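Structure below; questions to follow.
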Amino acid sequence: MTLSFFDQFMSPTLFGIPLIALALSLPWLLFPTPSSRWLNNRLLSLQGWSISRFTQQLLLPLNLGGHKWAVILTSLMLFLITTNMLGLLPYTYTPTTQLSLNLGLAVPLWLATVIIGLRN
């Protein structure tokens with residue numbers, strides 16, 4: 001088995017399916033769907049409580065102008081937490097180790113803050 005220097009940058013596959021696609025789609029299957037019942041179950045209550053506490057902690061040091069970023073920052077943190085939790089499973093890796101995912105998340109957010117800062 002011969003390896004080249006660039007094999008470390010190849011996306012790992014399992015049965016011909018890239019593992020990054022599987023790792024990015026798996027956390028979204030774990031989120032419960034909202035129901036039309038009057039009372040939520042324990043999982044929905046815990047999820048709602050944790051999101052509200054996280055948003056409250058996020059907005060605490062910000063002024064009112066920064067509150068419009070709360071939804072995108074909360075969703076970004078939930079996405080990063082769930083994808084990094086995949087690293088705890090055997091035979092998987094965290095998708096944030098790939099530079100393409102990090103740049104794909106960082107560049108649009110950085111560019112949005114720069115453009116909004118220049119506009120204001």
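Once you put a point 7 Å from the Cα of residue 53 and another 7 Å from the Cα of residue 120, both along the Cβ direction, what distance in nm separates them?
Taking the two extended label points, one gets 3.0 nm.
Here's a follow-up. Enumerate the amide H contacts of residue 98 below 5 Å, restricted to partners 5 or more residues apart or on another chain; note that Pro and chain-start residues carry no placed amide H.
For residue 98, whose amide H was placed from the backbone, there are no distant partners under 5 Å.
With a 1.4 Å probe and all protein chains left in place, how much accessible area per residue does the chain have, in Å²?
Spelled out: the 1.4 Å probe surface of the chain, per residue, equals 82 Å².
May I pose another question? Given points 7 Å out from each Cα along the Cα-Cβ axis, report the residue 102 to residue 36 separation in nanometres with one decimal.
Here the modelled spin labels are 4.6 nm apart.
Could I ask something else about it? Pull out a ≥ b ≥ c, the square roots of the eigenvalues of the alpha-carbon gyration tensor of the chain, then state rounded if a/c is under 1.5, prolate if not and a/b is larger than b/c, and oblate in the remaining case.
oblate
Give me the accessible area of residue 54, 1.4 Å probe, in Å² rounded to the nearest 10.
Accessible area, nearest 10 Å²: 70 Å².
Considering Cα pairs under 8 angstrom that are at least six residues apart, work out the relative contact order of segment 39-120 and quote it in whole percent.
14 percent
The values are calculated or read from the model by the stated rules, or taken from the named source; none is laboratory data. Here the structure is a predicted model, which is why all the values come from computation and not from measurement. As a convention, Cβ positions derive from the backbone with ideal geometry for all residues, glycine included, and neighbour counts pool all protein chains shown. Ligands, DNA and RNA are stripped out before the accessible areas are found, and what is left, the full protein with its side chains, is counted by its heavy atoms. Shrake-Rupley method; radii C 1.70, N 1.55, O 1.52, S 1.80 Å.
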